Every structure is written in C-alpha cells, then in structure tokens.
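Heads up, the thing below is written out as structure tokens.
Read the figures in this text as sums done on the coordinates, not as results from a lab. Computed from a prediction, not measured in an experiment: that's the story for all the values here. Note: ideal-geometry Cβ built from the backbone for every residue, glycine included; neighbour counts use all protein chains shown.
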Amino acid sequence: MYQLTDTATIKRLLGGQDFRFSKALGQNFLIDPAVCPAMAKQAGLSNDTGALEIGAGIGVLTVELAKEAKKVVTFEIDDRLLPVLARTLADCPNTTVLHQDILKTDLPSLVRENFGEMPVSVCANLPYYITSPILMFLLESGVSFQTITVMVQKEAAERICAPVGSRNAGALTAAVDYRAEAELLFEVKRTSFLPPPKVDSAVIRLTPRQKPKVQVKNEAFFFRVIKSAFAQRRKTALNSLSAGLALPKETIASALESMGLPPTVRAETFTLEQFASLADHLTGQ
Ligand code: SAM
C-alpha cells in the first residue's frame, strides 16, 4: 500500500524531480488525506454499485472508490501515469484503467460493457479546464447515473449550485438545473493539492432528475437561448439574445412582452420556466 497523499511518495512514484505536472491537463493531485475518503463516502456507493472516475492521476481517489464500490472504471489521458497506476492500483482488482479522453468515448456503450445492469455513480476530481464540457457530456450522455460527485473550482461550484434566477447564476447553472439537482457538499483549500492551484475548490453532488425540470419544444434551441442570454452579461437579455440568436430586437421584445417581461430584463433574473417559455415563443422565428 502506498501513501498516495505523501508528497515524497508521490515524487518518488513519478520518477523524481524531472516530472512536470501538466497544467494543460489540469494536473493538481490531492494530498489531503481526509478529502478522498470523504468524496468516496458522499458518492453513495455500495458493494452492488459501480463507480466511474475521470482523471485517475496516481490513483489517490481511485483506491478509495475501489473500497466502496463493486467495480471502478477510471479514465486517464496522460500515458506517463499508466505505469504508476499499474503499481498503485495493483491491490485493487476491481479497478480498470482506460487510457482515453473521456470526451471522446461512447459512454453508454462503455458503461454497458463495464458495468452491465449495475447502478453507476460518477466520482472525480475533475480536470478544471474542461469542467463544463465534462458535466454537460455526462448529463447529456443518456446514461442514468445515480449521482455525480465532483471536485471543481470553488467559483464554478458556487455558480452551478446557485438558484437559477439569482445573481450568481449563469448558462451552466440553468443547463445543469434542467437535468439535475445540484448541492455544494464541502470546500477544499488550494493547499490540499500538489501543485497548489491558484484558486480554492469545492465538492458538489449532482443528482440527475428522472425527467428534465421543464418541457420544451426544441431542446437544442432552448440551450442556444440560455447560452445567448448569458453571453454578454453586462447587456440586457434583449440585446444579448438578439446578437446570439441573430434575430431582430423587435421579435425578442415582443416575445418578452407576451411573457409580461420588460425589455430591460437581465438573463440572471430568468427562472428556468421563463427560459423554457421564451425558447418556445421564439422557436421557428
Ligand atoms: N484523481 C487525481 C487526484 O485527485 O489527485 C487526479 C486529478 S487531476 C485534477 C485531473 C486528472 O485528469 C489528471 O491526471 C489529468 O491527466 C486527467 N485528465 C485531463 N484531461 C482528461 C481527459 N480529457 N480525459 C481523461 N483524463 C483527463
């Protein structure tokens, strides 16, 4: 058993001082011994369930998931870490490492092949440069994950978990709220990582809904409306939507008016129901 939160052990496993942590791949490894066990516990795993991890690193969270779940599948894109993982996960026979870019996988097939009918939860310390693409990829994949428990930048966590219609909300808040309930579990200081990132982090848990929170005529267009509304935060929703959707201001203004909203309204005050109603008003315009 390796002490995977011990800095000297990590450096030795990575082959000494020559190893360069890749900023481009978001490599900040957890060194706080309390965090990974806490994340694995909060993921709601059991000896009947599977765990999917994105970004194994040296396997510090993977070993904790292997204790809680029946089976673990973890992705790692950096080939330098594969021989390290072969050593650190040698005592975890229920774990499979896939050397793949998570965003380039056929997730439904992969989950079916690896987990069969087992319920599956996601638990990961995400590479921050692709937080939104990964969350949307998971939520849009068609796989019904039990829960998605992930470490993200603190600011992203606060934004994702803010109520839609509040100042802190953004396009990702609305897109996540459409598919899942989000809760902020606990914060993690930047000193809990090697190397330390410039910002603090937080662990959030998404619980996917059985069906989307609102009904819309055209889902792709609904997401375009949300993205366009938030694209230029300093502008009114009217100006931002007109630019983003390439529609005349009069068309947007009349849709807003028929919803009882003034032309000065801002995207962050919209509820999810209002985004749905606006998208339905504008569908086909
Ligand atoms: N789980 C480890 C931990 O908590 O210490 C490592 C987390 S580190 C924040 C993110 C990991 O994701 C890195 O090891 C990085 O190489 C890997 N990674 C980055 N982009 C990836 C991608 N597109 N697909 C799979 N893994 C990726």
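Per residue, how much space in cubic angstrom lies within the convex hull of the C-alpha atoms of the range 142-285? Don't jump to the answer; show the numbers that get you there.
Details: hull volume 17.5 nm³, N = 144.
Per residue, the Cα convex hull of the range 142-285 comes to 122 Å³.
Can you order the peptides 120-131, 78-89 by their average number of other Cβ atoms within 10 Å per residue, highest first? The partial results should precede the final answer.
Numbers: 120-131: 21.7, 78-89: 16.3.
Result, highest mean first: 120-131, 78-89.
Largest first and to the nearest Å, give the Cα extent of the range 133-199 along each principal axis.
Over the range 133-199, Cα extents along the principal axes are 35, 30, 19 Å.
Can you tell me what share of the DSSP beta bridges in the chain is antiparallel? A percent to the nearest 5 is fine. Intermediate values should be presented prior to the final figure.
Values: 16 of 32 bridges.
So the antiparallel bridges amount to about 50 percent of the total.
How would you rank 101-112, 227-238, 42-53, highest first, on the average number of other Cβ atoms within 10 Å across their residues?
Peptide ranking by packing, descending: 42-53, 227-238, 101-112.
Sorting LEU139, LEU65 on the 10 Å Cβ count, fewest up front, what's the list?
Ranking LEU139, LEU65 by Cβ neighbours within 10 Å, fewest first, gives LEU139, LEU65.
Please report the projected area of the range 83-174's Cα convex hull averaged over all directions, in nm². Before the final figure, lay out the partial values.
Working: hull surface 29.2 nm².
So the mean shadow area of the Cα hull is 7.3 nm².
Beta carbons within 10 angstrom, averaged per residue: use that to sort the peptides 174-180, 66-72, highest first. Mind showing how you got there, number by number?
Working: 174-180: 23.0, 66-72: 21.3.
Averaged packing, sorted descending, gives the order 174-180, 66-72.
Could you let me know the centre-to-centre spacing of the range 255-285 and the range 159-205, using Cα atoms, in angstrom?
Centre-to-centre (Cα) distance: 26 Å.
Please list, in order along the range 190-206, the HN-Hα scalar couplings obtained from phi with the Karplus expression 6.51 cos²θ - 1.76 cosθ + 1.60 (θ = phi - 60°), rounded to whole Hz, x for Gly and Pro.
4, 6, 7, 10, 10, x, x, x, 7, 10, 7, 10, 7, 9, 10, 10, 9
Using the structure shown, list the pairs from LYS71/LYS213; LYS189/LYS227; LYS41/LYS189; LYS23/LYS189 with a Cα-Cα distance above 24 Å, or answer none.
Going by Cα-Cα distance, LYS71/LYS213; LYS189/LYS227 fall outside the 24 Å limit.
Would you kindly give the portion of the calculated P(r) for the chain that falls above 33 Å, as a percent of all Cα pairs?
In whole percent, the long-distance tail amounts to 30.
Hey, could you grab the Kirkwood Rh for the range 16-167? Inverse mean 1/r over distinct alpha carbon pairs, Å, one decimal.
Kirkwood radius, the range 16-167: 15.9 Å.
Tell me the Kirkwood radius of the range 31-103: reciprocal of the mean inverse pair distance over distinct alpha-carbon atoms, in Å. Before the final figure, lay out each step's value.
Values: mean 1/r = 0.0821 Å⁻¹.
Every distinct Cα pair counted, the radius reaches 12.2 Å.
Can you bin the range 219-282 into rounded, prolate or oblate? Criterion: square roots of the alpha carbon gyration tensor eigenvalues sorted a ≥ b ≥ c, rounded for a/c under 1.5, prolate for a/b above b/c, oblate for the rest.
Here the range 219-282 falls in the rounded category.
What is the order of MET39, MET1, MET151, fewest Cβ neighbours within 10 Å to most?
MET1, MET39, MET151
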